[in-house]
Amino acid sequence: MKLNIEHDSLFYGGEWKSPHAGGRITVVSASTEETIGSVPLASERDVDAAVRAARSAFDDPAGWASWEVARRADAMERLADVMETRGAELAKLVTAQNGMPISLSMQAEANTGPLLLRYYAALIRELGEDETRVTAGRRTLIRHEPGGVVAAIVPWNFPMGSALLKLAPALAAGCSVVLKPATETVLDSFLLAQCIESAGIPAGVVNILPADRDTGAYLVGHPGVDRVAFTGSTIGGRKVAARCAELLRPAILELGGKSAAIVLDDADLVTLRDQFLYNTMLNSGQTCWISTRIFVPRSRYAAYVDDITELVSSQIVGDPFEAKTEVGPMVSSTHRDRVERYINAGIAEGARVTTGGGRPVGLDRGWYVEPTILADVDNGSIVAREEIFGPVLCVIPYGDIDEAVELANDSEYGLGGSVWSADPDRAVNIARQFQTGSVSINGTPADLAAPLGGVKASGLGRALGPEGLEEYRSIKSVYLPTGSPTPAPVL
């Protein structure tokens, strides 16, 4: 797919405006290594201007934050409608930038945004902003108020899905947002800005600034920002958390993972091929919550290694624009080098490569890595401790279930996880013992109504569900005098 997309303006305050400096971001396709576009690089002065616009929109007495929830919900549904009309275009932009297989980008990037907008629109209609609690004859009005100006920083692996995971609940809560996309995937954010403009979202409610890490750090600490939503590495998240702690600023952090899959002795992974690969190799392994440490019973170790090797090696690696492609390239040459260093480190530590380990034959352009299995891995090794973020799985034996759970929990991370068994009740009992934010049974996908997030070094706060909405709200208690009428709800 040949692209040559050039943008010369930034979107904030409801308008397209010239940047304050002359820097540019050049976007290179992960699959062709060709330049496909460039956009302005936002500066600190642009951040100042965008935050002022967001602050003005939020503080406007008649503005978005003061709209009744039904009116906000209507506007969010209009935005969902507009995004749907441009879904295919958006998916192709994501695939062109980061190499995500088009079958996945059509699902995760084109469809997730409208789904989230409609979910949160329906949720605020249902919940409203006020509730009254009665305890021992006392009544208190609990106000769930907009949380202010949000700095939202999103990664390159699921750029649009991650953006809407923040934007949808923030808009539902009545917040204004300054969104910073990753430099590797900025082109789709301009399409999002066009959708916001077409949907009639009020000026300053959503502002989009493509910027580097230093400017992103400036945004995180900006005095006009009230809370921060960040998805990225644990290293980056710690820096965000430290700055927000200094400012006593709420932070929602979705960070790294090294999730575990516990395979029970009755599991049939071959029958569950698609579910297993979705939960372990999604987006060519460039997904934070997938299970990349695979624990299998020692009594059936050789058979399960063979099954997993067969599944992983059966994937089609190639042009991400081909509908049949299951594994695309890494996002950049730098990232490919990083993944390859981990594979070599695993081999040096004694791991056995059962498939992959190199670069695919015949794919000379694009930053590809073969889907790789490292067997005979020790849970204390580098490849079992650190997030690789590529198509690499570590297979580790266990004796009994107690040991499997102990090994699974022996990690600084706690984002996702999975249990595989023909007996769902048995699997759920094991899932209860995971020290992690979510666990899938036999590859069941996430639920929009259920909270998603991590423990330990995998983050703070939750996305999705009512819990995801509350992250963008402030709570106020109004103690009502005895005998006063119950206040009418705000809908």
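When restricted to residues that are over 15 Å from V186 (Cβ atoms) and either among the hydroxyl-bearing types (S, T, Y) or in a helix (DSSP H, G or I) (or both), region 96-107 contains 6. Residues that are surrounded by fewer than 24 Cβ atoms within 10 Å (Cβ to Cβ) and of a type in the set (D, E, K, R) number at least 1 in the following strands (runs of 3 or more DSSP E) confined to region 116-227: 130-135, 138-146. Cβ-Cβ distances below 8 Å connect the following pairs, each with a first residue in region 327-354 that is under 17 Å from V305 (Cβ atoms), a second residue that is of a type in the set (S, T, Y) and assigned to a helix (DSSP H, G or I), and a separation of six or more residues or different chains: T354/T309.
Counting only residues that are out of contact with any Gly (no Cβ under 7 Å at 6 or more places or on another chain) and either small (G, A, S) or within 21 Å of P210 (Cα to Cα) (or both), region 114-160 holds 15 of them. Tallying residues that are in contact with a strand residue (DSSP E or B) (Cβ under 9 Å, 6 or more places away or on another chain) and on the phi > 0 side of the Ramachandran plot within region 155-201 yields 1. A count restricted to region 228-251 and to residues that are small (G, A, S) and crowded, with 22+ Cβ neighbours inside 10 Å stands at 4.
Values in this text are rule-based calculations from the coordinates and carry no lab data. Note that the structure is predicted; figures quoted are calculated from it, not measured. As a convention, Cβ positions derive from the backbone with ideal geometry for all residues, glycine included, and neighbour counts pool all protein chains shown.
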